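Asker: Dropping the structure in here first, questions after.
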């Protein structure tokens, strides 16, 4: 039941997008998200959607996978839309009982919905086409200047990649322990807040114990394989910019140069 | 001198109660000496809590002996400057397949050891490829470890150790959490390693049938070595093995039962063929 | 009084592109007091099947009847069902959470809403039944040995006094002696209380001596459902699906092909020795 979360899960296939350097994808995603906040008209969003569409097409990831990621945040999306729709002051458009929908409200609601959707799909393109390891590698390299300020960049990246590897395992374990306690008559669903919090003890205690045991085992296994921090390590997959990466940067630049001016044109 | 040598090894740990007061001292390994030659296949048998896993962790310098000495390829495991070299020479595979795979993709996990050792990128790729091929997991190199079966995960772990080019691999109950199919896969991979790659193997297990191809079997009990010999020598002592809480393969057990009923059979029968040969041969008439 | 599984199918992620059929049209009946072994390798659907029997998983289609009542009926009390069909999961010691063994065993019966005296009585009885020594009752469950933890966890389910006890791989990770002790204890339980027991395992050899009936699962379907000797006689088909009959079966079949007149249906070492002695005209 907990395994349905697609957000951030790598989709295995081969495509140009998959092969891009993770630094390109990280920077690209970041710039793309920023660009979304610059737009003042729908032409901007249209450009952004078009650009995203091309990227998705190139990524060979079925579109339904992208959309499945949306399910998790559909509630958030609806909430934003409703709030903006009813609570923005301006020229009234329709009045239903006591609430009024304004022209401005409608506009913000729609643009918020589009913006959020593009944002989520845009960032899931990155996570769907980049292995988490690759992603943390990209972050490690990208954050390298921070080392000067004594930020343990390698350690942070290693921690993230281990966490990512163990999330599915721990989710499965949670599921299993939960079922086992339900089989012993535990009830996680009824009662007031305090009762429910109390009911979590039989789930959380075994889960923590198991997580500690795994951490201990893993530390031992890593040491046995000569892991001793980032010093003196080489990389199996070192990050090297290739022609396609430079080309990708160029495309992103081009997108920004086109979409932002277009998105800020005032007569739309 | 052998690749692994242990002399009078004792390992003790202190038990403490909830307040941290010393409750007592447990001797997990007690006066163990052994000598493993390069290229041998050694099995260490014992029930849970017999000290076999504790002993294994000494070979990889994860634990240091309280008394006595362990040498790996001539290096004393207590020598702090040699720790990493020892861990590279004597690789280790653990029991739980989920808790020892670090990479998110099979090939990246196999590359983890060589990366730590500072091997150049090009060579890492070569090592990863040959290691995965040696355990028959090459076609899964791009897969996520979470989607593999237990036996496949353990084979990836073995490849991860193999990529470090060790002289010796210690496997600490690698099959305890697997189903029969996974168990067979892993044992097959381990035997190939020993025979084809000529890696010294120390297999720790409580399944008797996994040890029949070993050159030498040690049986541990209460931290000591209780029996030592070839599989045939060990398996002929059915009563003693039962005392040590171990299982005897059904063939051996049946041969033993028939002997008890007065039938004349060779001692220490290990396989179905051996028993069938013995029974259908001489005594039929 | 029985469990009837009627055309049950279960599909994981039914509405997604990754849908997997875990159970495919399963029909079976388990009468009262039977000791059943459910065999299959990992992923054969055996664990999924038993989780249907106490209502933890709801079938995608089909019906399950417990003592004649459809457990999917809207007025059927599925919470109560969990007390009547006890399910011990794989590595059950991973669910222990209380400060001492005794309180942990009390968790199940307490959830049934029994009064304190009854809860403690049942817990005490259950701990006795699994053969855990008294001096361990008030120890932290995390200080016990592997085998003892497993027993404590099994007691936690037994204390609910189920009519049917299902154990999913109760011997996984134990050493041979520990495995034999647990299996023996389960057999004793069945003899003394007449409980229906379902033992899920991937090892034929482990269950051969204990069970009345073996159900072999493969790819979500029932491959064989019969008494052990009949199932083992199909050892070649078993091998095709990655399972194996006990070694004894192989020995006897090998001897038979070599012209020795043995009864290939013997399943235990004793029976095998008998038939070999007979065939060879040996006095034993």
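Bear in mind that the values in this text are calculations on the coordinates, not laboratory data. Everything quoted here is computed from the prediction, not taken from an experiment. As a convention, Cβ positions derive from the backbone with ideal geometry for all residues, glycine included, and neighbour counts pool all protein chains shown.
Asker: Relative contact order, percent, of segment B:9-86 when contacts are C-alpha pairs under 8 Å separated by at least 6 residues?
Answerer: Normalised by residue count, the contact order of segment B:9-86 is 27 percent.
Asker: Under a point spin-label approximation (7 Å from Cα along Cα-to-Cβ), what is the residue C:193-residue B:277 distance to one decimal in nm?
Answerer: 5.0
Asker: Run the quick spin-label model on residue B:196 and residue C:61: label points 7 Å from Cα toward the beta carbon, then report their separation in nm to one decimal.
Answerer: Calculated label separation equals 4.6 nm.
Asker: How would A:59, C:61 line up from fewest to most surrounding beta-carbon atoms within 10 angstrom? All intermediate terms of the calculation are to be shown ahead of the outcome.
Answerer: Values: A:59 22, C:61 12.
Placing the least packed residue first, the sequence is C:61, A:59.
Asker: Here's a follow-up. Tell me, what is the FRET efficiency for residue A:215 and residue A:96 to the nearest 0.05, using R0 = 56 angstrom and their Cβ-Cβ distance as r?
Answerer: So, using R0 = 56 Å, E works out to roughly 0.55.
Asker: What is chain A's relative contact order, in percent, from Cα pairs under 8 angstrom and six or more apart in sequence?
Answerer: Details: 239 pairs, mean separation 85.1, N = 268.
Reported relative contact order: 32 percent.
Asker: Would you order B:155, A:115 from fewest to most other beta-carbon atoms within 10 Å of each residue's own beta-carbon?
Answerer: Lowest to highest Cβ neighbour count: A:115, B:155.
Asker: So, one more: Report the relative contact order of chain B, percent, no decimals, based on alpha-carbon pairs under 8 angstrom and at least 6 residues apart.
Answerer: 21 percent.
Asker: Something else about it: Can you tell which of C:74, C:123, C:145 shows the greatest fluctuation in a Gaussian network model of chain C with Cα springs below 10 Å?
Answerer: C:74
Asker: Another question about this same structure. For the residue pair residue A:42 and residue B:16, what label-to-label distance in nm results when each label sits 7 Å from Cα along the Cα-to-beta-carbon direction?
Answerer: 6.9
Asker: What is the distance in Å between the Cα centroid of segment C:120-195 and that of segment A:195-234?
Answerer: 28
Asker: Antiparallel versus total DSSP beta bridges in segment B:4-231: what percent is that, nearest 5?
Answerer: DSSP beta bridges in segment B:4-231 are roughly 55 percent antiparallel.
Asker: Here's a follow-up. Would you compute, from DSSP H runs of 4+ residues alone, the mean residue ellipticity of the protein assembly as shown at 222 nm, taking -39500 (n - 2.57) per run and dividing by the full residue count, rounded to the nearest 500? Display every interim value, and only then the final one.
Answerer: Working: 32 runs with 391 residues, N = 837.
Per the formula, -14500 deg cm²/dmol.
Asker: Also: Given the options B:98, B:172, B:80, state which has the largest fluctuation in a GNM of chain B using a 10 Å cut-off (strictly under) for Cα springs.
Answerer: Most flexible of the set in this elastic network: B:80.
Asker: How would chain B be classified by its alpha-carbon gyration tensor: rounded, prolate or oblate, with rounded meaning a/c under 1.5 and the a/b versus b/c comparison settling the rest?
Answerer: Oblate.
Asker: What's the exposure ranking of A:16, B:93, A:125, going from fewest to most Cβ atoms within 10 Å?
Answerer: A:16, A:125, B:93
Asker: For chain C, modelled as a GNM with alpha-carbon contacts under 10 angstrom, which of C:225, C:168, C:134 fluctuates the most?
Answerer: C:134
Asker: Based on alpha-carbon centroids, what's the gap between segment B:224-265 and segment A:112-188 in Å, whole number please?
Answerer: That distance is 52 Å.
Asker: Suppose R0 equals 25 Å; then what is the FRET efficiency for residue A:15 and residue C:21 from their Cβ-Cβ distance, rounded to the nearest 0.05?
Answerer: Numbers: r = 30 Å, r/R0 = 1.21.
Working from the Cβ atoms, E equals 0.25.
Asker: Give the calculated FRET efficiency between residue A:71 and residue C:2 to the nearest 0.05, with a Förster radius of 51 Å applied to their Cβ-Cβ distance.
Answerer: Values: r = 41 Å, r/R0 = 0.81.
In this case the efficiency is close to 0.80.
Asker: While we're here: Quick one: check the C-alpha center-to-center distance for segment C:225-261 versus segment B:1-66, whole angstrom.
Answerer: 41
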